[in-house]
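**Q** I am attaching a structure below and will ask some questions about it afterwards.
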Amino acid sequence: MTIKSKKIGIMGGTFNPVHMGHLLLAECAREQAKLDQILFIPSGYSYMKEDQNVLSGAERLKLVSLSIADNPYFSLSDMELTRDGYTYTYETLELLCKDNPDAAYFFITGADSLLSLDRWKFPERILSNCSLVTAVRGDTELQEVKVAAERLEKKYGAHILLLDMPRTDISSTDIRARLASGRSIRYMVPEPVAQYIYEKQLFIR
């Protein structure tokens with residue numbers, strides 16, 4: 001068996017906008033899975049998000065850059081933003097593995113993503129190129145996720161680590177709604193992100 005020299009977590013997502021929940025998930029995954037690095041990859045043109053009012057790739061990249069600047073374990077990639085057409089997780093993982101064959105990749109998700117993974121494009125190709133690190137909240141969700149994880153392990157030979165992390169109810173959807181209605185987003189996003197959002201009047205009608 002080949003021993004991988006570096007363990008890299010992948011935080012993918014629209015990040016529209018990035019918020020404290022994303023950062024907490026990344027840090028919990030880094031600590032509990034003993035990862036060397038977390039790579040944030042803002043999504044390009046996602047086939048799952050066609051109906052949303054999504055900021056430009058450049059704006060979302062800027063917001064993530066501001067949010068992770070003070071963490072030496074966090075880094076940023078624009079690889080999905082520079083690809084043409086829809087972006088698929090299986091393609092991103094295959095490109096990463098090709099470019100960095102000595103790295104072991106850990107794809108960080110919430111429970112909802114794990115539960116819907118069978119509906120993703122080529123789940124078998126995703127799970128052959130990474131382990132999953134999945135956040136669960138509460139006993140009810142834990143039982144549901146355990147059942148799903150066992151099924152994915154049997155069906156695809158998946159490797160899945162379940163994270164213990166604090167419950168957070170922050171969402172990008174709520175942040176956008178708050179901004180549109182003039183309510184505060186303080187402590188929901190890092191201060192540099194909030195400053196940039198207000199300066200550029202993002203999501204503010």
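Laboratory data are not the source of any read-out in this text; all were calculated from the coordinates shown. The shown structure was predicted, so the numbers you read here are calculated from the model rather than taken from an experiment. Here the Cβ positions follow ideal geometry from the backbone for every residue, glycine too, while neighbour counts run over all protein chains shown.
**Q** Output wanted: per-residue J couplings in Hz (rounded whole) for segment 62-74, from phi through Karplus 6.51 cos²θ - 1.76 cosθ + 1.60, θ = phi - 60°, x for Gly and Pro.
**A** Couplings: 4, 5, 5, 4, 5, 6, 10, 4, 9, 10, x, 8, 9 Hz.
**Q** Right, another one. Can you give the Rg to Rh ratio of the chain, both from alpha-carbon atoms, with Rh computed by the Kirkwood formula?
**A** Checking Rg against Rh, the ratio lands at 0.95.
**Q** On to the next question. With contacts defined as alpha carbon pairs under 8 Å and 6 or more residues apart, what's the relative contact order of segment 1-150 in percent?
**A** 28
**Q** Report the Cα centroid-to-centroid distance between segment 54-116 and segment 141-191 in angstrom, as an integer.
**A** 16
**Q** Let's test the formula: R0 of 35 Å, r as the Cβ-Cβ distance of residue 7 and residue 181. What FRET efficiency results, to the nearest 0.05?
**A** 0.25
**Q** From the phi angles alone, apply the Karplus equation (6.51, -1.76, 1.60; θ = phi - 60°) to segment 101-108 and give each ³J(HN,Hα) in whole Hz, x where the residue is Gly or Pro.
**A** Once θ is set to phi - 60°, the couplings for segment 101-108 become x, 8, 9, 9, 9, 10, 8, 8 Hz.
**Q** Also, quick follow-up: Which of the lysines could a cross-linker span from residue 98 if the Cα-Cα distance has to be under 17 Å and same-chain partners fewer than 8 positions apart are dropped?
**A** 4, 6, 7
**Q** To continue, here is another question. Please list, in chain and number order, the residues 5+ apart from residue 160 or on another chain whose amide H is under 5 Å from its amide H, with Hs placed from the backbone.
**A** 132
**Q** To continue, here is another question. So how tilted is helix 20-32 from the main axis of the chain? Cα-based, degrees 0 to 90, rounded to 10.
**A** The two axes meet at around 30 degrees.
**Q** Once the Cα atoms of segment 23-117 are picked out, what are the Rg and Dmax in Å?
**A** Rg then Dmax for segment 23-117, in Å: 13.8, 38.
**Q** Would you grab the residues whose amide H sits under 5 Å from the one on residue 40? Only those 5+ places off in sequence or on another chain, please, with H modelled 1.01 Å from N.
**A** 11, 75, 76, 77
**Q** Considering amide H positions built from the backbone, and no H for Pro or chain starts, which residues 5 or more places from residue 189, or on another chain, come under 5 Å of its amide H?
**A** HN-HN under 5 Å from residue 189: 20.
**Q** Assuming R0 = 45 Å, what is the FRET efficiency of residue 191 and residue 155, from their Cβ-Cβ distance, to the nearest 0.05?
**A** 0.55
**Q** So, with +1 on the Cβ of K and R and -1 on the Cβ of D and E, and no other charges, what is the size of the charge dipole of segment 36-165 about its Cα centre, to the nearest 20 debye?
**A** 200
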